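Engineer: Got a structure for you, questions after.
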Amino acid sequence: MKDLIKHIAQALVDHPEQVSVSEVEGNQTSVLELKVAKDDLGKVIGKQGRTARAMRTILSASSAKIKKRTVLEIIE
Amino acid sequence: MSPRLEFEGKDVAKASQKACEELKIPKEKLKYDVISYGATGIFGLVGIKKAKIRVILPDLTSEDNTEEKDLEHNNKSKKHVPEVERSTEQASLDDKAIASMPDESVNLGKNVLQQIIDLITIDAEISFEKKSDQILFYIKGGNVAILIGKQGQTLEAMQYLVEKVVNKHSEQRIRIQIDVEGYLEKKQNNLKMLAGRLAEKAKRSGKPITIGQMNSQDRRIVHLALRDDSGVRTQSVGDGFLKKLLIFPRKKYNRKRKT
């Protein structure tokens, strides 16, 4: 899951080398923290948060399979 | 007597421009009479009339010459701007556009989509189809319910992300559509039926009816479904990518005056 978010984010931004994703796992929920270059923040969030929302939707669909919740945080 | 052709447009300038494009005549050489100037109506909504011009074609021999010249010129300059026309040389241009659509885009899209799908479900297969500016992905197998999501939201998210990724690496704009086992078609039919039903309701009650929160593709389907219905008109309102769609009943006297 971590790799997927990293891959998608890298494909969207101008500075793919500055993309990093870290995962904080809990019992039921795991939190994915996505860090990108400052210029690219808007690209991973999207107009009215549309890109961020799409990524979260896909995360929740994929975590339904393993019966867990995944939260995506985009860190400034 | 030289042949004449009629062209319509928003105003005379637009109409003459259209004539130039279609006949491939430079603007200075175009001879035309104005039949009607057209009117923009009130707020561009009510009583729009198109401008009409009648183009007088120059005698055929000279026209043939200019056309040939223009064709050569077109082939050189127009390659990257495929237009929607039904002439043969235009069709071949379209073919070129399909061929020139980089395979990298398709592969890139397919890879991203495959990654997403593999994470969501197992045993799903992707096939694709290329159209002039569009790639259609078909997903088969796997857990269809999760792939589509609540009201198709997962499907939409995948479509949006793949489109973003592909267009980031492509010069020309490519539209992506993803279909999971006929879901798209089913949804389209449902929307058309809903549109028809609500249009009837609007006509009966004489009041506008709202369909809430739709994305652009869904709105387009409704607009197109009700385009030929003379009893109603449709309009999108709101901000952002999710907008409301209003269906207005047309006033009765308006309709009578027209027919």
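The values are calculated or read from the model by the stated rules, or taken from the named source; none is laboratory data. All of these numbers come straight from a predicted model, not from anything done at the bench. Neighbour counts run over all protein chains shown; Cβ positions are idealised from the backbone, glycine included.
Engineer: Identify, please: which residue in segment B:151-177 is more than 12 Å from every other protein chain (Cβ to nearest Cβ) and among the aliphatic types (A, V, I, L, M) and is, among those, nearest to A:Ala52 (Cα to Cα)?
Structural biologist: B:Ile176
Engineer: On the given criteria, is B:Thr234 at pLDDT 90 or above and either surrounded by fewer than 15 Cβ atoms within 10 Å (Cβ to Cβ) or among the basic types (Lys, Arg) (or both)?
Structural biologist: no
Engineer: For residues that are buried (at least 18 other Cβ atoms within 10 Å of the Cβ) and touching a Lys or Arg at 6+ places or on another chain (Cβ under 9 Å), scanning just segment B:163-175, find the one that is nearest to A:His7 (Cα to Cα).
Structural biologist: B:Lys164
Engineer: Can I ask one more? When you check A:Lys2 against the structure, is it in contact with a strand residue (DSSP E or B) (Cβ under 6 Å, 6 or more places away or on another chain), within 14 Å of chain B (Cβ to nearest Cβ) and modelled with pLDDT under 90, yes or no?
Structural biologist: yes
Engineer: In this structure, is A:Glu76 away from chain B (no Cβ under 12 Å), in contact with a helix residue (DSSP H, G or I) (Cβ under 6 Å, 6 or more places away or on another chain) and among the acidic types (Asp, Glu)? So that I can check it myself, show each step before the final result.
Structural biologist: Working: away from chain B (no Cβ under 12 Å): yes; in contact with a helix residue (DSSP H, G or I) (Cβ under 6 Å, 6 or more places away or on another chain): no; among the acidic types (Asp, Glu): yes.
When the stated conditions are applied, A:Glu76 does not pass them.
Engineer: Could you list all residues from segment B:119-145 that are hydrophobic (A, V, I, L, M, F, W, C), surrounded by 15 or more Cβ atoms within 10 Å (Cβ to Cβ) and facing chain A (nearest Cβ under 10 Å)?
Structural biologist: Within segment B:119-145, B:Leu119, B:Ile120 qualify.
Engineer: If I go through segment B:101-131 residue by residue, how many of them are among the aliphatic types (A, V, I, L, M) and part of a loop (DSSP other than H, G, I, E, B)? I'd like the intermediate steps shown before the answer.
Structural biologist: If we filter segment B:101-131 for residues that are among the aliphatic types (A, V, I, L, M), which is where we start, we get B:101, B:106, B:108, B:112-113, B:116-117, B:119-120, B:122, B:124, B:126.
Pick out the ones that are also part of a loop (DSSP other than H, G, I, E, B) and you get B:101, B:122, B:124.
Selection size over segment B:101-131: 3.
Engineer: Next up: A:Lys35: farther than 17 Å from B:Val165 by Cβ and either surrounded by fewer than 18 Cβ atoms within 10 Å (Cβ to Cβ) or free of Cβ contacts under 8 Å to residues at least 24 places away in the same chain (or both), yes or no?
Structural biologist: Against the criterion (farther than 17 Å from B:Val165 by Cβ and either surrounded by fewer than 18 Cβ atoms within 10 Å (Cβ to Cβ) or free of Cβ contacts under 8 Å to residues at least 24 places away in the same chain (or both)), A:Lys35 qualifies.
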